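The values are calculated or read from the model by the stated rules, or taken from the named source; none is laboratory data. Just so it is clear, the structure is predicted and the values come from calculations on it, not from any experiment. In this analysis, Cβ positions are derived from the backbone assuming ideal geometry, glycine residues included, and neighbour counts consider all displayed protein chains.
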Amino acid sequence: MTQDVTISQNEGILEFRLTRPAKKNALTIAMYGAMADAMEAAERDDAVRAILLTAEGDMFTSGNDLADFAQAASSGSAASLADLVRFLHLFAETEKPVVAAVSGDGVGIGATILLHCDVVVIAETAKLTMPFTSLGLTPEGCSSLLLPKLIGDKRAFMMLALGEPLSASDAVAFGFATMLVDAAQVDVRSRDAARACVRIPPEAMRITKRLLRDKKAIRERIDTEVVLFQERLNSPEARAAFEAFFKR
């Protein structure tokens, strides 16, 4: 377990609350492990009818903790990212509805994770950014498959290859997010959405999600991206980019 993410269950909702605002809610491998464990338990628990992803502070998440991932890469072990992969598989494949409360900027996985959410409530001031290439890395979270389908090849290139940010209003216009609200309303509106999901008959919900998502294709792309991502973590380009980042 880790204190950097609070995991709770109430009213049929499993909530992941990122509680690392001093580090801009950067995600560590330990945080992925804790969330993956909770996801596995939730899949076996009929009392869990919806999942809510939220965060403390004025940033949703700045993405993966680069120091933590650099250390994992230096181990040279394929198992070093096992908890990340396990979480991505579970989060992408769950047939329980997932709601995200995006009260601030989402960077890297903080943006790509939203591609697997069913309802995304986003603050008007938030931006979504995927700066993988500037860090010497490549896309993750099945973004190379799902993002072009959602916003088109050219817009996806601008985000994934050039790191161009997407405003909250454009995120809603392009179908990346569901509703645009004042930052003060994100928590309330997202919880309302999660409660609405809980009220739906669960088997009907599971079947509907199953029909909407090609799990096989998503899993295959996640796995392909992870192999390339791990290779890039050990690349000279990524090491140089990380070194420059830590010197800021």
Name the pairs: first residue in region 193-205 and more than 19 Å from residue 179 (Cβ to Cβ) and modelled with pLDDT under 95, second residue not aliphatic (A, V, I, L, M) and not in a helix (DSSP H, G or I), Cβ to Cβ under 9 Å, at least 6 apart or on different chains?
none
Under 6 Å between Cβ atoms, at least 6 apart or on separate chains: pull out the pairs that start in region 49-60 with a residue that is more than 14 Å from residue 4 (Cα to Cα) and end on any residue that is of a type in the set (A, V, I, L, M) and crowded, with 22+ Cβ neighbours inside 10 Å.
50/194; 51/14; 51/98; 52/99; 52/194
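Within the group 98, 85, which residue is crowded, with 17+ Cβ neighbours inside 10 Å, touching a residue at least 24 places away in the same chain (Cβ under 8 Å) and touching a His at 6+ places or on another chain (Cβ under 8 Å)?
Working: 85 fails: touching a His at 6+ places or on another chain (Cβ under 8 Å).
Every option except 98 fails the conditions.
Residues checked against (1) within 30 Å of residue 237 (Cα to Cα); (2) surrounded by 23 or more Cβ atoms within 10 Å (Cβ to Cβ); (3) of a type in the set (A, V, I, L, M, F, W, C):
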position: 21; (1), (2), (3): yes, no, no
position: 26; (1), (2), (3): yes, yes, yes
position: 40; (1), (2), (3): no, no, no
position: 45; (1), (2), (3): no, no, no
position: 52; (1), (2), (3): no, yes, yes
position: 65; (1), (2), (3): yes, no, no
position: 72; (1), (2), (3): yes, no, yes
Can we say residue 38 is more than 13 Å from the chain's Cα centre (by Cα) and farther than 21 Å from residue 188 by Cα?
yes
Odd one out for residue 131, checked against (1) without any contact (Cβ under 8 Å) to a residue 24 or more places away in the chain; (2) closer than 23 Å to residue 240 by Cβ:
(1)
Being closer than 20 Å to residue 90 by Cα, surrounded by fewer than 16 Cβ atoms within 10 Å (Cβ to Cβ) and at pLDDT 95 or above narrows 182, 214 down to just 214
Hey, residue 21 hits all of (1) in contact with a helix residue (DSSP H, G or I) (Cβ under 8 Å, 6 or more places away or on another chain); (2) of a type outside the set (A, V, I, L, M, F, W, C); (3) closer than 27 Å to residue 179 by Cα but one; which does it fall short on?
(1)
Within region 94-149, count every residue that is over 21 Å from residue 223 (Cβ atoms) and among the acidic types (Asp, Glu).
3
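Quick check on my filter: what residues within region 1-16 are surrounded by fewer than 16 Cβ atoms within 10 Å (Cβ to Cβ) and either within 15 Å of residue 49 (Cβ to Cβ) or not β-branched (Val, Ile, Thr) (or both)? Break it down into steps so the answer makes sense when it comes.
Kept after step one, since they are surrounded by fewer than 16 Cβ atoms within 10 Å (Cβ to Cβ), are these residues of region 1-16: 1, 3, 6, 8-11.
Within region 1-16, 1, 3, 8, 9, 10, 11 qualify.
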One residue is enough: does region 106-119 have a residue meeting the conditions more than 24 Å from residue 152 (Cα to Cα), among the charged types (D, E, K, R) and at pLDDT 95 or above?
no
Just to be sure I understand, how many residues within region 100-125 are at negative phi and part of a loop (DSSP other than H, G, I, E, B)?
6
Residue by residue through region 68-93, note down the ones that are of a type in the set (A, V, I, L, M) and modelled with pLDDT of 90 or more.
82, 84, 85, 88, 90, 92
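Conditions (1) crowded, with 23+ Cβ neighbours inside 10 Å; (2) touching a helix residue (DSSP H, G or I) at 6+ places or on another chain (Cβ under 9 Å), marked per residue:
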| site | (1), (2) |
| --- | --- |
| 113 | yes, yes |
| 118 | no, yes |
| 121 | yes, yes |
| 124 | no, yes |
| 136 | no, yes |
| 151 | no, yes |
| 155 | no, yes |
| 163 | no, yes |
| 173 | no, no |
Looking only at region 63-84, decide whether some residue is within 22 Å of residue 243 (Cα to Cα) and of a type in the set (Asp, Glu).
yes
